[in-house]
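**Student:** Dropping a structure here in structure tokens format, bear with me for questions.
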Amino acid sequence: MRAAYLALLGMVVGLTGAGATFFAQGRLDSQGWRWLSDPAGQAWWRFYGLSWEGQHLSVEILVQTRGWRTPPPTSLSLTFRFSTLSSSLTRRLQLQRVTEKGEHVTYFGQAILARRDLKLGSYLAVELVGGPVGIEIGVHENSVRVQGEWVFTGEAGGTGGPLVPAPSDPKARSPSSPAISQLNPGSAPEGKTVRECAGMEDAPYVSPGHYVCTLGWPGPGEALDSRDWFRVNLGLGYFLEVQINSPQAIRLSILDPSGQEVGWVGGAGRIGLSYQAPKAGVYWICVSLIEGIPLFTYTVDLAIRR
């Protein structure tokens with residue numbers, strides 16, 4: 001993934017709808033974060049004009065925390081209520097720690113909602129109704145975004161992974177913070193790109209969608225780009241579907257939260273994997289070269305279903 005990229009910190013809401021409103025109690029800091037000492041019923045986001053396409057919606061949630069008296073955990077359990085005009089459901093989500101800077105610890109998670117469960121049309125309300133006591137939770141108007149299953153209509157074509165609003169500490173930057181750009185339409189197939197990463201633990205979070213990536217040797221004086229990493233949050237029983245279209249032979253693998261490989265496939269052309277998560281957590285996707293060859297472009301289609 002050697003494409004140049006643009007960091008979208010606090011720039012893009014990335015909604016699949018025409019409008020959204022946000023409300024939260026708590027102290028407002030200079031970066032637009034509201035800090036809640038008791039999260040129950042103090043923050044909600046309402047989305048209007050959502051896309052009708054697909055059978056599922058992906059809801060991505062990013063929060064900050066502070067005030068930990070013990071080492072911050074690798075996951076944070078928060079309870080959210082998802083409501084439409086005629087139905088609602090409450091779900092407890094495990095958000096994964098993605099960055100830590102000083103006293104501020106950031107967590108990110110995803111929920112996949114089936115339209116049939118909520119009688120979901122073009123309106124969705126997301127409310128934070130429960131969380132741990134004894135710490136402060138920071139929420140932002142961009143803390144929650146909603147994406148369709150395959151088609152994205154957000155600004156800049158819609159982007160994958162958590163879109164992080166500017167952190168309270170302007171100097172805080174995580175290796176996992178998203179950096180996403182659109183390739184020049186005249187030089188590459190249409191799609192999204194994700195930032196270059198340093199390895200498995202630095203892999204960017206991605207959302208369902210269509211991505212354009214590169215692997216191979218760019219030329220003299222350049223290092224071989226031999227492996228691309230991605231990661232996703234999956235709930236218990238969620239299905240992860242990955243399809244690759246590559247002109248060159250590559251190896252596609254999925255790794256579970258412990259880092260163990262649970263499936264792989266190799267070859268050129270159209271290949272893919274489907275995997276059902278036996279437990280909730282972070283899963284990795286790895287695309288690697290089988291042999292060193294000049295730089296080439298391939299595409300990734302990703303879906304998460306319940």
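The values are calculated or read from the model by the stated rules, or taken from the named source; none is laboratory data. None of the values given here were measured: they were computed from a predicted structure. Cβ atoms come from the backbone with ideal geometry, glycine included; neighbour counts cover every protein chain shown.
**Student:** Is the range 258-280 home to any residue that is surrounded by 20 or more Cβ atoms within 10 Å (Cβ to Cβ) and within 23 Å of residue 195 (Cβ to Cβ)?
**Tutor:** Initially, the range 258-280 is screened for residues surrounded by 20 or more Cβ atoms within 10 Å (Cβ to Cβ), giving 277.
Subsequent filtering for residues that are within 23 Å of residue 195 (Cβ to Cβ) retains none.
No, the range 258-280 contains no residue that is surrounded by 20 or more Cβ atoms within 10 Å (Cβ to Cβ) and within 23 Å of residue 195 (Cβ to Cβ).
**Student:** Same structure again: Pull up the range 63-78, narrow it to residues that are hydrophobic (A, V, I, L, M, F, W, C) and touching a residue at least 60 places away in the same chain (Cβ under 8 Å), then point me to the one that is farthest from residue 131 (Cα to Cα).
**Tutor:** Going through the range 63-78, the residues hydrophobic (A, V, I, L, M, F, W, C) turn out to be 63, 68, 76, 78.
Right, trim to touching a residue at least 60 places away in the same chain (Cβ under 8 Å) and you get 63, 68.
Numbers: 63: 12, 68: 14 Å.
If we take residues in the range 63-78 being hydrophobic (A, V, I, L, M, F, W, C) and touching a residue at least 60 places away in the same chain (Cβ under 8 Å), then 68 is farthest from residue 131 (Cα to Cα).
**Student:** Starting from residues that are part of a loop (DSSP other than H, G, I, E, B) and of a type in the set (Ser, Thr, Tyr), keep the ones in the range 11-60 and report whichever is modelled with the highest pLDDT. Before the answer, list the steps.
**Tutor:** Here is the first cut: in the range 11-60, the residues part of a loop (DSSP other than H, G, I, E, B) are 11-18, 25-26, 29-33, 37-42, 49-55.
The next check asks that each one be of a type in the set (Ser, Thr, Tyr); those that pass are 16, 30, 37, 51.
On the way: 16: 35, 30: 88, 37: 85, 51: 68.
The qualifying residue modelled with the highest pLDDT is 30.
**Student:** Considering 66, 97, 92, which residue is touching a His at 6+ places or on another chain (Cβ under 7 Å) and within 20 Å of residue 37 (Cα to Cα)? Full working, then the answer.
**Tutor:** Values: 97 fails: touching a His at 6+ places or on another chain (Cβ under 7 Å); 92 fails: touching a His at 6+ places or on another chain (Cβ under 7 Å).
Every option except 66 fails the conditions.
**Student:** Can you name the number of the only condition in (1) of a type in the set (S, T, N, Q); (2) at pLDDT 90 or above; (3) closer than 18 Å to residue 22 by Cα that residue 106 fails?
**Tutor:** In the conditions (1) of a type in the set (S, T, N, Q); (2) at pLDDT 90 or above; (3) closer than 18 Å to residue 22 by Cα, residue 106 misses (3) alone.
**Student:** Would you confirm whether or not the range 113-123 contains a residue that is within 17 Å of residue 139 (Cβ to Cβ) and out of contact with any Pro (no Cβ under 8 Å at 6 or more places or on another chain)?
**Tutor:** Just the residues of the range 113-123 that are within 17 Å of residue 139 (Cβ to Cβ), to begin with: none.
Checked the range 113-123: no residue is within 17 Å of residue 139 (Cβ to Cβ) and out of contact with any Pro (no Cβ under 8 Å at 6 or more places or on another chain).
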